[in-house]
Amino acid sequence: MGNGQKIVPNIWCNRSAEAVAAFYEAAFGAAGFAVSSEVATRYPETGEPVTTNLTIDGFKTSSA
């Protein structure tokens with residue numbers, strides 16, 4: 001992590017990690033921040049996202 005970040009905050013949600021990441025991506029992207037998200041893991045049985053990684057101007061967070 002090139003920005004000196006030592007802690008990666010987590011946003012806990014109930015089976016909506018992808019929707020949460022999309023919300024933050026839209027909100028921060030509209031404010032002019034560089035934002036990206038990706039699905040990190042999926043439930044093996046259903047293929048639903050378990051966790052997503054979200055980066056906002058180099059600051060990393062995840063939702064699960």
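Would you be able to tell me the number of residues in region 40-64 that are touching a strand residue (DSSP E or B) at 6+ places or on another chain (Cβ under 9 Å) and exposed (fewer than 15 other Cβ atoms within 10 Å of the Cβ)?
Qualifying residue count, region 40-64: 6.
Read through the list (1) in a strand (DSSP E or B); (2) closer than 16 Å to Ala64 by Cβ; (3) small (Gly, Ala, Ser), then give the number of the only condition that Ser36 fails.
(2)
Read the figures in this text as sums done on the coordinates, not as results from a lab. Note that the coordinates shown come from a computational prediction; the quantities given were computed from them, not determined experimentally. In this analysis, Cβ positions are derived from the backbone assuming ideal geometry, glycine residues included, and neighbour counts consider all displayed protein chains.
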